[in-house]
Amino acid sequence: MHFFDYKGKNFYAEGVPVEKIIKEVGTPVYIYSHKTLTRHFQAYDQAFAAVPHLVCYSIKANSNIAVLKTFAEEGSGFDIVSGGELFRASKAGADPRKIVFSGVGKREDEIEYALKSNILMFNVESPQELRAIDKIAKRLKKKAGISIRVNPNVDPKTHPYISTGLKKNKFGIETEDAFREYVYAKNSLKNVVPMGIDCHIGSQITQLTPFVDALKKTTDLLARLRAEGLDIKYIDMGGGLGITYDKEEPPHPSKYGEAVMKGTKGLGVTLIFEPGRSMVGNAGILATRVVYIKQGTEKNFVIVDAAMNDLARPSLYGSYHAIKAVKANSKNEITADVVGPICESGDFLAKDRIIPEVKAGDALAVMSAGAYGFSMSSNYNTRPRAAEVLVRGKEFFVVRKRENLKDLIRGEELVPAVKKAAKAVRKGAKK
């Protein structure tokens, strides 16, 4: 559920007309609903209220610190995949003891930063990483809490680019190898503490069966590890619950909660979840203005000022985002490609889409853009990145200013002209 809807002919974000926001802030602009964010966190938190649990929002979905602060104030933990995300979480007031560190390529400096920050644990993704964490923890005279990300070889039945739990995926360690690594860590590594089992199988999953299958394999491993004397206190089920972009009907977190609690009953573990998309996806929209209408012999094109650098998902995955008129002035509809100004044929927000008839200057709202929207945006074609706005009730706040042209070259340096550089070299040689 979200709090974007029409009031009369005007499209609103909570109590604020979207047209008012874009008149003041400009386009393209990401707009997030505070009420939707808190509602989605509470849906997860309440789904597992009967058992010890920790909801760790997955920062990669949307890393704006105002969004992170919203979740931190609700009591959320965080799932991070980089030192930069740890920095953002810290700036948003996160409790480090509610942070888990995932990702296949943690650098030494990132591991050190996390250990010094006293995070809860690392989700280890390879044997070499496990040994690196032990080595760094020893140097820092610390103990590192770890879980191993187990690859259960379960098909999540989602897009292949966001499937993570199959043997052919780069993530995690296969079950038998993971078992051996746990035993090795217990017996031979003095600076890591095996605390949990991690299992994340993919994203935008719309059925419960893959989760149940993965959980069964996880609890079987738990029994084997406890028989070896390992004190496993946590089961981390990752994230992956899907949202409605078009006609999908993903299970509600309460149904997911029922299935997981049934599968872990009596095990005496704390459950960890890492939702990302399902927390923020439908809590955000991308507002854009129509620049031109171009009618071709085979297609109509609605050219807008948002592009693939602003929202990469349609170009990257062929994904669907509903598109609504910010002012519902026309009852007529057209079939068109909604495209941006990027010099790529793959720059589109929608193809062959039936949308309200619009004209140049009209505004559109691209729905379900709160996850993997701004966080995946870029400056391709030397375009400033969009502004971000958070709406709370009848107020709105710019939580990231729009980049300007100077921002585009910040950090870049010119090299000396070739002739001057050569002259300086010759002068130095004479000395």
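The values are calculated or read from the model by the stated rules, or taken from the named source; none is laboratory data. For clarity, every value in this text was computed on a predicted model and none was experimentally measured. Neighbour counts run over all protein chains shown; Cβ positions are idealised from the backbone, glycine included.
Worth a mention:
- Taken over region 230-259, the criterion of being within 19 Å of Met121 (Cβ to Cβ) and modelled with pLDDT of 90 or more is satisfied by Leu230, Asp231, Ile232, Lys233, Tyr234, Ile235, Asp236, Met237.
- Test: Ser375 is in contact with a helix residue (DSSP H, G or I) (Cβ under 6 Å, 6 or more places away or on another chain), in the same structural domain as Ala306 (by TED's automatic domain parsing), surrounded by 15 or more Cβ atoms within 10 Å (Cβ to Cβ) and not aliphatic (A, V, I, L, M): no
Residue-wise test of (1) among the small types (Gly, Ala, Ser); (2) within 14 Å of His200 (Cα to Cα); (3) modelled with pLDDT of 95 or more.
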{"site": "Val104", "(1), (2), (3)": "no, yes, no"}
{"site": "Val154", "(1), (2), (3)": "no, yes, no"}
{"site": "Pro160", "(1), (2), (3)": "no, no, no"}
{"site": "Gly165", "(1), (2), (3)": "yes, yes, no"}
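- Flag for Asp45 being acidic (Asp, Glu), assigned by TED's automatic domain parsing to the domain that holds Ala114 and closer than 19 Å to His200 by Cβ: no
- Assessment of region 224-236 against the conditions (in a loop (DSSP other than H, G, I, E, B) and farther than 19 Å from Val100 by Cβ) yields at least one matching residue.
- Annotation note: of Leu230, Leu221, Leu241, the sole residue that is in contact with a strand residue (DSSP E or B) (Cβ under 7 Å, 6 or more places away or on another chain), touching a residue at least 24 places away in the same chain (Cβ under 8 Å) and farther than 21 Å from Glu174 by Cα is Leu241.
- Any hit, region 16-32, residues being within 22 Å of Ile235 (Cα to Cα) and not in a helix (DSSP H, G or I): no
- The condition of being at pLDDT 95 or above, buried (at least 19 other Cβ atoms within 10 Å of the Cβ), within 17 Å of the chain's Cα centre (by Cα) and in a strand (DSSP E or B) holds for only one of Val100, Val67, that being Val100.
- Whichever residue in region 258-284 is small (Gly, Ala, Ser) and part of a loop (DSSP other than H, G, I, E, B) and, among such residues, is surrounded by the most Cβ atoms within 10 Å (Cβ to Cβ): Gly276
- Set Arg353, Arg383: member being assigned by TED's automatic domain parsing to the domain that holds His321, of a type outside the set (Gly, Ala, Ser) and part of a strand (DSSP E or B): Arg353
- Checking each residue in region 185-216 for being surrounded by 17 or more Cβ atoms within 10 Å (Cβ to Cβ), modelled with pLDDT of 95 or more and either assigned to a helix (DSSP H, G or I) or not assigned by TED's automatic domain parsing to the domain that holds Met261 (or both) picks out only Ala185.
- Enumeration of residues in region 373-400 that are among the basic types (Lys, Arg) and over 27 Å from Ser319 (Cα atoms): Arg392, Lys394
- Filter result (under 21 Å from Ile31 (Cβ atoms) and of a type in the set (S, T, N, Q)) within region 292-347: Asn309, Ser319, Asn329
- Apart from one condition, Lys141 fits all of (1) at negative phi; (2) modelled with pLDDT of 95 or more; (3) part of a loop (DSSP other than H, G, I, E, B); (4) out of contact with any Leu (no Cβ under 8 Å at 6 or more places or on another chain); the exception is (1).
- Subset of region 33-58 (residues that are more than 18 Å from Asp236 (Cβ to Cβ) and either in contact with a helix residue (DSSP H, G or I) (Cβ under 6 Å, 6 or more places away or on another chain) or part of a helix (DSSP H, G or I) (or both)): Ser33, His34, Lys35, Thr36, Leu37, Thr38, Arg39, His40, Gln42, Ala43, Gln46
- Within region 131-144, the set of residues being within 19 Å of Phe179 (Cβ to Cβ) and either surrounded by fewer than 24 Cβ atoms within 10 Å (Cβ to Cβ) or touching a Pro at 6+ places or on another chain (Cβ under 9 Å) (or both) comprises Arg131, Asp134.
- Apart from one condition, Tyr317 fits all of (1) surrounded by 15 or more Cβ atoms within 10 Å (Cβ to Cβ); (2) touching a residue at least 60 places away in the same chain (Cβ under 8 Å); (3) hydroxyl-bearing (Ser, Thr, Tyr); the exception is (1).
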